[in-house]
Amino acid sequence: MEEDSPYRASKVLPTQSTDSESGEVPTSITRPIKHLWILLLVQTGIALVWGVIQIFSAPSVALIVAATFGTTAVVNAAFAYGVYKRVFWVAVVVACINVISLLMELLSLGRGTGSAFTFFLAVAISYFSVRSAAAIRDYRRFMADARLRPPGRKLSEDSAFTEKSEA
């Protein structure tokens, strides 16, 4: 008789929260961020390899070449780490540097000293940079919204509002 009492609380079973409630960031936000930090790591590797090649091909200015390409590699690695950690200002700095590089390439193309390949490469890198900066901004907003609405069960899943079978 006590089992069917309307005054007794029903058993509440813990449920797993759904993906949208757990704060899992959608891939449409994380993918551009991943693309940029991988691109920055590739640029770091290219700077290191190109610096070593230049050192062995021009030993007379090896220290200057090593310092230039070493600094470039370290800065790119630091930027890659900042983008990986989703630091917004780092992504904005990277986007600004790449957009300025694009404008300089456009200027050299206008003067007739640039090439179309480097221009399109600068366009692609600038696109990835700007898209990643926007994605990090969206990531920050998503995480702030997730903190405001903690994960929990929906009201429709509450056992107090489910239909009870009449026995």
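The values are calculated or read from the model by the stated rules, or taken from the named source; none is laboratory data. Values in this document were obtained by computation on a predicted structure and should not be read as measured data. For neighbour counting, all protein chains shown are included, and Cβ atoms are generated from backbone atoms with ideal geometry for every residue, glycine included. We work out accessible area using only protein heavy atoms, side chains counted, and drop any ligands, DNA or RNA first. Shrake-Rupley method; radii C 1.70, N 1.55, O 1.52, S 1.80 Å.
Between residue 104 and residue 34, what length in nm is gained on full extension when 0.36 nm per residue of separation is reduced by their alpha carbon distance?
Here the answer is 22.6 nm.
Can you tell me which of 70-76, 105-111 comes out highest on packing, and rank the rest after it, using the mean Cβ neighbours within 10 Å?
Descending packing order for the listed peptides: 70-76, 105-111.
To the nearest 10 Å², what's residue 50's accessible area with a 1.4 Å probe?
Using a 1.4 Å probe on the heavy atoms, I get roughly 130 Å².
Gain in length, residue 53 to residue 116, computed as 0.36 nm per residue apart minus the alpha-carbon separation, to one decimal in nm? Can you show the working numbers first?
Values: separation 63, 0.36 × 63 = 22.68 nm, distance 2.49 nm.
So the extension gain works out to 20.2 nm.
Roll a 1.4 Å probe over the protein heavy atoms and report the accessible area of residue 81 in Å², nearest 10.
Number for this one is 140 Å².
Suppose every Lys and Arg Cβ carries +1 and every Asp and Glu Cβ carries -1, with no other charges. What dipole size does the range 78-152 come out with about its Cα centre, to the nearest 20 debye?
360
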